[in-house]
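*Asks:* Here it is, the structure, as structure tokens.
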Amino acid sequence: MTDPLRPDDADLPSGVKHSAEYYARPRPPVSLFGGRGPDRYMYGLGALANRLVPVLGGLGPGHPPLPPSPGLRARVERVTRPVPDVAEIVLVPELPEGPLPAWQPGHHVDVVLDPDTVRQYSLCGDPGDRSRYRIAVRRIPDGVGSSRLHALEPGDVIGLRGPRNAFPFARAERYLFVAGGIGVTPILPMVAHAHRAGVPFRVVYTGRSRASMPFLDELPEGADVTVRPDDEYGTPDADAIVRDPAPGTAVYVCGPPPLIAAVRARVGPENPVFSERFSPAPVVDGREFEIRLGEDGPVVTVPADETALDVIRRVRPQTPYSCRQGFCGACRVGLLRGNPEHRDRPTGGSPRGEEFALCVSRAAEGAHIVVDL
Amino acid sequence: MTADATHSPLDEPDRLVLHARDVQFDWSRSDLHWIPNEPFATHVINVLHLLLPEGERWFVEVFKQAVPHITDDRLREDVLGFIGQEAVHAEAHAGVLDHMDAHGLDPTPYVEQIAWLFRIVLGDRDLPPGRAQSWLSTRLAIIAGIEHYTAVLGQWVLDAKELDAAGADETMLDLLRWHGAEEVEHRAVAHDLYTHIDGGRTRRTVAMAVAAGALTTLWVRGVRFLIANDPYLKGRIDGRRPKASWALRDGRRGLIPHVGRLARAVPEYLRRGYHPSHHGSTAQAVAYLALSPAARAAESAERAATRKAAP
């Protein structure tokens, strides 16, 4: 490269040459096919755009701005305890105004207890029954969300968002379903569907003990179901659970993270394996620091156990972000001042020091940084 | 197989939560001509690597500008998921540009033109507020039109058994199919966003007409550029200059998308009642993502990181 506007290859970030930075200041197009003259075709495209911009700019929007979408509110119809620390909660629409949104096996809802306490639970009832949703919640010691759900009584009203699908249930020739403990909830409607549709399947259901495993009585009778409590069989063994699935078997696993990891690692490359998406990793080794949003903007404090993005979204709810794990770059903003501790893994884009990834990057205890937001 | 027929719910998982996958590809064992003995078809598909990095970086910038105008929670979530996926796509294809460069085919002259198109011609313009909103709408309409093409191409590559039969490089096939599957997975987002923010038919029609025309010519120019600058080909394949009829031939052989399928995409998109969910198969896309070596490795790494961080 001889163009002085371009960085030398050695200065390029993260080893990628053809990065966003490399193409940040493109020169006007020169001919691609011999000669040094301007590229007529590209200039023609540019001229066409310049003529269309004022024409299309005069068009008003196709419709006026839309009002915010209304949330969904549900009334607790029934709370039961199938096993001691699991609450089975049946929800109906708050107002009898017609059916709840349709869902498929694998869908979950967000339960909005208050704006800062939102929890995701798999729908585990019958998708054919649009008059009610069923969720099941295991009480987590010291868990804020689960204790509040366990305290619900018939007649209480809660907010819902969704349903959404982070565990897509797709057609396959046969299935292997692996459930661990409360992870049985998304698996139940999948099993019921496969059973009704006559698709061959096998279920392995693990848990601490039979007495702690909910919905044992809801697995179809006469089907290939293995109940494998740890107190009878020892800790789950992926080899014994997975065996060698026949070609065309899709594996669905839901349960504690070690079970999911073991099953995923054991399933061979020719069998599709599905497990539910979860929220991003918690903050590790965080210290409290401050961020100013623009030179003249407000200052927010980022606590040790939260990300800058969490805190900033409360002040600026429209801040773009995506992966929340520091690789996609969607939440990177300009860094105006301060010494951050970069924790992102930028995939190209701006060189270190000029940007700050809100979702993972931090600063030292009590430090103050200023971002362009 | 095309999946335009009606579906039972199980065939089409819906309301998907879209999320970016932190994929990595190692090109050290891949050839420049990754479909063996098919340099023409290889370069027809390689044009995607020339167009997508700068194109998808631009999608991300425009979509980020649209986020504050969204009033629907579910659409906002979809758009945020889309942004992350597109950002990772752009950089994955940029990795292929480095790979080409390492083999003596420097793509810079062509890609710099694409950068000029997206960053200057289609970039932010100094406009009064009403016109600025309209310019945002126009750019969203262009993205919606292009996204119909990326969904058609994504479905094509998921279906293209002929590439496997031809012995195409496995890493490249995984890149194309992971990307294609995510395009099919998020194919409704750009359409839904344009419909939500503006929805005007005239703008949408003009944007698609211009986008389809420009894509066609840029694709032809890209193939010419790659064959002319390929150090092994030096402008000739088997001693002959490339001909347009070869695109029809390789389309019929299933090694590249058929021109007829691409041409049909325009009337299909402009028909009243069009919705991206009527074309392509989400079930097939999620099934591939559950098999893709790159997507599985990304998910394992992500789960391991979360387990390490968990208290």
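Derivation of every value follows stated rules applied to the coordinates shown; laboratory data play no part. A quick note: this is a predicted structure, and the numbers were derived from the prediction, not measured. Here Cβ is always computed from backbone atoms with ideal geometry, including for glycine, and neighbour counts include all displayed protein chains.
*Asks:* In Å, what is the Rg of the alpha-carbon atoms in segment B:52-119, and how long is Dmax?
*Replies:* 14.7, 49
*Asks:* Continuing with this model, one more query. Quick one: of the DSSP bridges fully inside segment A:289-372, what percent are antiparallel, nearest 5?
*Replies:* Expressed as a percentage, antiparallel bridges in segment A:289-372 total about 75.
*Asks:* Considering the dipole of segment A:76-166 built from charges on the beta carbon (Lys and Arg +1, Asp and Glu -1) around the Cα centre, which of A:145, A:123, A:99 is farthest to its positive end?
*Replies:* Of A:145, A:123, A:99, it is A:123.
*Asks:* Residue-wise, which Karplus ³J(HN,Hα) couplings in Hz belong to segment A:318-332, taking 6.51 cos²θ - 1.76 cosθ + 1.60, θ = phi - 60°, and x for glycine or proline?
*Replies:* 8, 5, x, 7, 8, 6, 6, 10, x, 10, 8, x, 4, 9, 5
*Asks:* Now for a different question. Residues in segment A:129-172 near a label at residue A:73, defined as backbone nitrogen under 13 Å from the 7 Å Cα→Cβ point?
*Replies:* A:156-160
*Asks:* Assign unit charges at the C-beta atoms only (+1 for Lys and Arg, -1 for Asp and Glu), then state the dipole size of the protein assembly as shown relative to its Cα centre in Debye, rounded to the nearest 20.
*Replies:* For this selection, approximately 1840 debye.
*Asks:* Compute the distribution of all C-alpha to C-alpha distances in segment B:76-204, in bins of 5 Å from 0, and list the percent of pairs in each, rounded to whole numbers.
*Replies:* With a bin width of 5 Å, the distribution comes to 2, 9, 14, 18, 20, 16, 10, 6, 3, 1, 0, 0.
*Asks:* Send over the semi-axes of chain A's equivalent ellipsoid, whole angstrom and largest first, taken as the square roots of 5 times the C-alpha gyration tensor eigenvalues.
*Replies:* 47, 27, 25
*Asks:* Another question about this same structure. So how strong a dipole does chain B carry about its Cα centre when Lys and Arg Cβ are +1 and Asp and Glu Cβ are -1, to the nearest 20 debye?
*Replies:* 1020
*Asks:* Assuming a ≥ b ≥ c are the square roots of the Cα gyration tensor eigenvalues, decide whether segment A:89-207 counts as rounded (a/c under 1.5), prolate (otherwise, with a/b larger than b/c) or oblate.
*Replies:* Judged from the Cα gyration tensor, segment A:89-207 comes out oblate (a/c at least 1.5, b/c at or above a/b).
*Asks:* Mind checking the dipole of segment B:1-148: about its Cα centre, +1 per Lys or Arg Cβ, -1 per Asp or Glu Cβ, Debye to the nearest 20?
*Replies:* Numbers: 11 positive and 24 negative charges, 99 e Å.
Here the size comes out at about 480 debye.
*Asks:* Which entries in the list B:64/B:243; B:161/B:243; A:17/B:234 go over 30 Å, if you measure between the two C-alpha atoms of each? Walk me through the numbers before you get to the answer.
*Replies:* Working: B:64/B:243 41 Å; B:161/B:243 25 Å; A:17/B:234 24 Å.
Too far apart for the 30 Å limit: B:64/B:243.
*Asks:* Give the shape of segment A:289-372 as rounded, prolate or oblate, defined through the alpha-carbon gyration tensor: a ≥ b ≥ c are the square roots of its eigenvalues, a/c under 1.5 means rounded, and otherwise the shape is prolate if a/b is larger than b/c and oblate if not. Walk me through the intermediate numbers first.
*Replies:* Working: a/c = 1.38, a/b = 1.23, b/c = 1.12.
The shape class here is rounded.
*Asks:* Determine the calculated [θ] at 222 nm for chain B from helices alone, applying -39500 (n - 2.57) to every DSSP H run no shorter than 4 residues and normalising by the residue count; nearest 500 deg cm²/dmol.
*Replies:* That calculation yields -21500 deg cm²/dmol at 222 nm.
*Asks:* Relative contact order of segment A:289-372, please, whole-number percent, based on alpha carbon pairs below 8 angstrom and at least 6 residues apart.
*Replies:* For segment A:289-372, the relative contact order is 39 percent.
*Asks:* Can you give the log10 of the normalised intensity I(q)/I(0) at q = 0.22 Å⁻¹, computed with Debye over equal Cα scatterers of segment B:8-99?
*Replies:* At q = 0.22 Å⁻¹ the computed log10 ratios are -1.06.
*Asks:* Enter the Cα centre distance for the pair segment B:152-210 and segment A:105-166, rounded to the nearest angstrom.
*Replies:* Value for the Cα centre distance between the two parts: 34 Å.
*Asks:* Are there DSSP H segments in chain B that both extend 15 Å or more along their axis (alpha-carbon positions) and score a mean Kyte-Doolittle hydropathy of at least 1.6? List them, or say none.
*Replies:* none
*Asks:* Expressed as a whole percent, how much of the Cα-Cα distance distribution for segment A:245-339 exceeds 24 Å?
*Replies:* 44
*Asks:* Could you state the orientation-averaged shadow area of the convex hull built on the Cα atoms of segment A:174-275, in nm² to one decimal?
*Replies:* 5.8
*Asks:* Here's something else I'd like to know. Restricting things to Cα coordinates, could you compute the convex hull volume per residue of the protein assembly as shown in Å³?
*Replies:* Hull volume over Cα atoms, normalised by residue count, gives 170 Å³.
*Asks:* Given a cut-off of 28 Å, what percent of all Cα-Cα pairs of segment B:166-311 lie beyond it?
*Replies:* Above the 28 Å cut-off, segment B:166-311 has 41 percent of its Cα pairs.
*Asks:* Taking the Cα atoms of segment B:39-309 alone, what are Rg (to one decimal) and Dmax (as a whole number) in Å?
*Replies:* 18.9, 59
*Asks:* Nearest 500 deg cm²/dmol is fine: what mean residue ellipticity at 222 nm does chain A get from its DSSP H runs of n ≥ 4 alone, each adding -39,500 (n - 2.57), divided by its residue count?
*Replies:* Roughly -5000 deg cm²/dmol at 222 nm, from the helical runs in chain A.
*Asks:* Taking only the alpha-carbon positions of segment A:51-96 and ignoring solvent, what does the Debye formula give for the base-10 log of I(q)/I(0) at q = 0.18, 0.20, 0.23, 0.34 Å⁻¹?
*Replies:* Evaluating at q = 0.18, 0.20, 0.23, 0.34 Å⁻¹ gives log10 I(q)/I(0) of -0.75, -0.81, -0.88, -1.12.
*Asks:* Whose amide H sits under 5 Å from the amide H of residue A:302, counting only residues 5 or more places off or on another chain, with H placed in the peptide plane?
*Replies:* A:289, A:290, A:291
*Asks:* Which of rounded, prolate, oblate describes segment A:24-82, given a ≥ b ≥ c as roots of the alpha-carbon gyration tensor eigenvalues and a/c under 1.5 marking rounded, otherwise prolate only if a/b is larger than b/c? Working shown, then result.
*Replies:* On the way: a/c = 7.08, a/b = 2.55, b/c = 2.77.
Taking the square roots of the gyration eigenvalues as a ≥ b ≥ c, segment A:24-82 is oblate.
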